[in-house]
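This report concerns only the one structure given below.
The values are calculated or read from the model by the stated rules, or taken from the named source; none is laboratory data. Remember, predicted model here, so these are calculated numbers, not experimental data. We place every Cβ from the backbone using ideal geometry, glycine too, and count neighbours over all the protein chains shown. Ligands, DNA and RNA are excluded from the accessible area calculation, which covers all protein heavy atoms including side chains. Shrake-Rupley method; radii C 1.70, N 1.55, O 1.52, S 1.80 Å.
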Amino acid sequence: QVQLVESGGGLVQAGGSLRLSCAASGRTFSKYAMGWFRQAPGKEREFVAAITWTTGYSHYANSVKGRFTISRDNAKNTVYLQMNSLKQADTAVYYCATARYGVVTTTVNGYDAWGQGTQVTVSS
């Protein structure tokens, strides 16, 4: 009964910014961690960032470190992904997901609920 709804995607010029949101419902999310993944055409779904609900500890893929920031609003059960200095390589469908447990993991199998994704397209 978990529901995750991503929003905030769109078309942006290289060097620009977008903020993605993930509204979660259906369970006590404060007991778990949340992550963002992305999938470009013809490629595997890859880890982007994750955060714990309890302490706010975050972890990032090397490809986005220093450019993206993950955050959460526990009261709203919402996770955000602030994306700055966007590159064409960031073009993908972005998914949010809830981890199986309250620790940060970077593998797809470490998450048990997924949103439907939001498209991010970065133009040159």
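What to note about this one:
- Filter result for ASN77 (touching a helix residue (DSSP H, G or I) at 6+ places or on another chain (Cβ under 6 Å) and either under 26 Å from GLY26 (Cβ atoms) or touching a residue at least 40 places away in the same chain (Cβ under 8 Å) (or both)): yes
- Of everything listed in (1) β-branched (Val, Ile, Thr); (2) open to solvent by less than 60 Å² (accessible area, probe 1.4 Å); (3) over 14 Å from LEU86 (Cβ atoms), the single unmet condition for THR55 is (2).
- Residues that are modelled with pLDDT under 95 and open to solvent by 30 Å² or more (accessible area, probe 1.4 Å) were ranked within the stretch 88-124; the one that is farthest from the chain's Cα centre (by Cα) is SER124.
- When residues in the stretch 1-22 are screened for being β-branched (Val, Ile, Thr), at pLDDT 95 or above and farther than 11 Å from THR118 by Cα, 1 of them pass.
- When CYS22 is tested against (1) part of a loop (DSSP other than H, G, I, E, B); (2) within 11 Å of the chain's Cα centre (by Cα), exactly one condition is not met: (1).
- Within the stretch 89-103, the set of residues being closer than 18 Å to HIS59 by Cβ and part of a strand (DSSP E or B) comprises TYR94, TYR95, CYS96, ALA97, THR98, ALA99.
- Subset of the stretch 58-79 (residues that are open to solvent by 80 Å² or more (accessible area, probe 1.4 Å) and not small (Gly, Ala, Ser)): ASN62, LYS65, LYS76
- Selection within the stretch 25-52 - open to solvent by 10 Å² or more (accessible area, probe 1.4 Å), of a type in the set (Gly, Ala, Ser) and either under 12 Å from the mean Cα position of the chain (by Cα) or more than 16 Å from VAL93 (Cβ to Cβ) (or both): SER25, GLY26, SER30
- Identity of the residue in the stretch 26-40, outside any strand (DSSP E or B) and touching a residue at least 12 places away in the same chain (Cβ under 8 Å), that ends up farthest from LYS76 (Cα to Cα): ALA40
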